[in-house]
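Just so it is clear, none of the values below were taken in a lab; they were calculated from the coordinates. Predicted model only: the values in this text are computed from it and were never measured. Positions of Cβ are backbone-derived with ideal geometry, glycine not excepted, and every protein chain shown enters the neighbour counts.
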């Protein structure tokens, strides 16, 4: 039977485009207006209502990429995460979250949920049984992140989906590290899919955005809160994000290939103590990752031998940038203890297995040989 489903690059390039009916331009026109007609129109458009022409068009592209019915686009990944969680949680409710999470998410839960009377539990492990042990009578949401930031742990999507359905809970995932190119959680029954679109969707380190994909019913529920929180994205940035997603398929596939080669190089290096990458057979969840991912992603983490200072090493790099964010076309490194997970206490980081010497490595699209040369010269300087 012929497969008529469009490929990932076709979806990235053509879905969710706006037609330039006046001049027939090749790219979507940009509608910068913040004020639209209210009389005699089918839709009353307003930027904070997530329904300007550019917002709606981009939502369709991301929905197609994540195989979901609807999408909301936010001003940041944390705006997407917080709005999605608060849409399904109220005072007296309980949420179970996996223990390995992006530091911003962990901090949101630790600092804000108690103020709103929301109870929470972090799992002790990543098996479905670890989640089930934490479920209470008032639990409403299961929240996961796979691959996780920064240790690249893998959580079983099918198992979490089945557990959520068994207990009538909403399952949520931060799918940022995988991107829709490598993983579609909706295929495994996950209810709400969240992205920091700043990362692989933007891909050029010049956009801050977030996205939530789900059913129309769930998205409508999130929208009712989102319009009051006011976390929408400006139309100019929406337009830039739509442009960037057009190349996401080819960018991410190139980053997958580079990351696999870099992980293998680091794994076999005498100055590297440990490498965290699901594409390595040594990764404890390698087989699970193979079963639910089409590619292992462009992110890895590693620990240098204890006699090499992680910050001295990063300062000695010449090509790879020591930089805060990730997933751009340029390769970057950072120390999670000083950036993404700096708000966690040393004890909390220890619980997650995040050591002071851990380095998170976002692999770009450069030639691998050049990345290796840069790492070698930096090591020679600091050893």
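Please report the relative contact order for region 8-245, taking Cα pairs under 8 Å with a sequence separation of at least 6, and give it as a percent rounded to a whole number.
25 percent
Please sort 114-127, 48-61, 219-232 by packing, taking for each peptide the average over its residues of neighbouring beta carbons within 10 angstrom, highest first.
48-61, 219-232, 114-127
Pick out which of 286, 218, 14 has the largest mean-square fluctuation in a Gaussian network model of the chain, springs linking Cα atoms closer than 10 Å.
Comparing 286, 218, 14 in a Gaussian network model of the chain, the most mobile one is 14.
Give me the angle, in degrees from 0 to 90, between the Cα long axis of helix 77-88 and the longest principal axis of the Cα atoms of the chain, rounded to the nearest 10.
That works out to roughly 60 degrees.
How much length, in nm to one decimal, is gained on full extension between residue 383 and residue 294, taken as 0.36 nm per residue of separation minus their Cα-Cα distance?
Computed gain between residue 383 and residue 294 is 28.3 nm.
If you fit an axis through the alpha-carbon atoms of helix 157-166 and take the longest principal axis of the Cα set of the chain, what angle between them do you get, 0 to 90°, nearest 10?
Once rounded, one gets 50 degrees.
What FRET efficiency comes out for residue 265 versus residue 329 if R0 is 22 angstrom and r is the Cβ-Cβ distance? Round to the nearest 0.05.
The value I calculate is 0.65.
Could you check what % of the DSSP bridge pairs in region 8-245 are antiparallel, to the nearest 5?
Expressed as a percentage, antiparallel bridges in region 8-245 total about 40.
Stretch residue 204-residue 137 to full length: gain in nm at 0.36 nm per residue minus the Cα-Cα span?
19.7 nm
In the Gaussian network model of the chain, springs joining C-alpha atoms below 10 Å, which of 74, 296, 38 carries the largest mean-square fluctuation?
The residue with the greatest mean-square fluctuation here is 38.
Based on the Cβ-Cβ distance of residue 347 and residue 286, what FRET efficiency does E = 1/(1 + (r/R0)^6) give at R0 = 30 Å, to the nearest 0.05?
The computed FRET efficiency comes out at 0.50.
Suppose a student asked you for the relative contact order of region 179-313, using Cα pairs under 8 Å spaced at least 6 residues apart; what percent would you report?
About 24 percent, as a whole number.
For region 249-382, what does the relative contact order come out to in percent, with C-alpha contacts under 8 Å and a separation of six or more?
The normalised contact order for region 249-382 reaches 29 percent.
At residue 215 and residue 44, where each label point lies 7 Å from the Cα along Cα→Cβ, what is the point-to-point distance in nanometres?
Once both label points are built, they end up 2.8 nm from each other.
So between residue 37 and residue 247, what do we pick up on full extension, going 0.36 nm a residue minus the alpha carbon distance?
72.2 nm
How high is the FRET efficiency from residue 60 to residue 373, r the C-beta distance, R0 45 Å, rounded to 0.05?
Approximately 0.55, to the nearest 0.05.
Note the angle between two axes, namely the Cα long axis of helix 368-382 and the longest principal axis of the Cα atoms of the chain, as a number of degrees from 0 to 90, rounded to the nearest 10.
50 degrees
Of the peptides 312-318, 146-152, how do they stack up when ordered by the mean number of other Cβ atoms within 10 Å, highest first?
Listed from highest to lowest mean packing, they are 146-152, 312-318.
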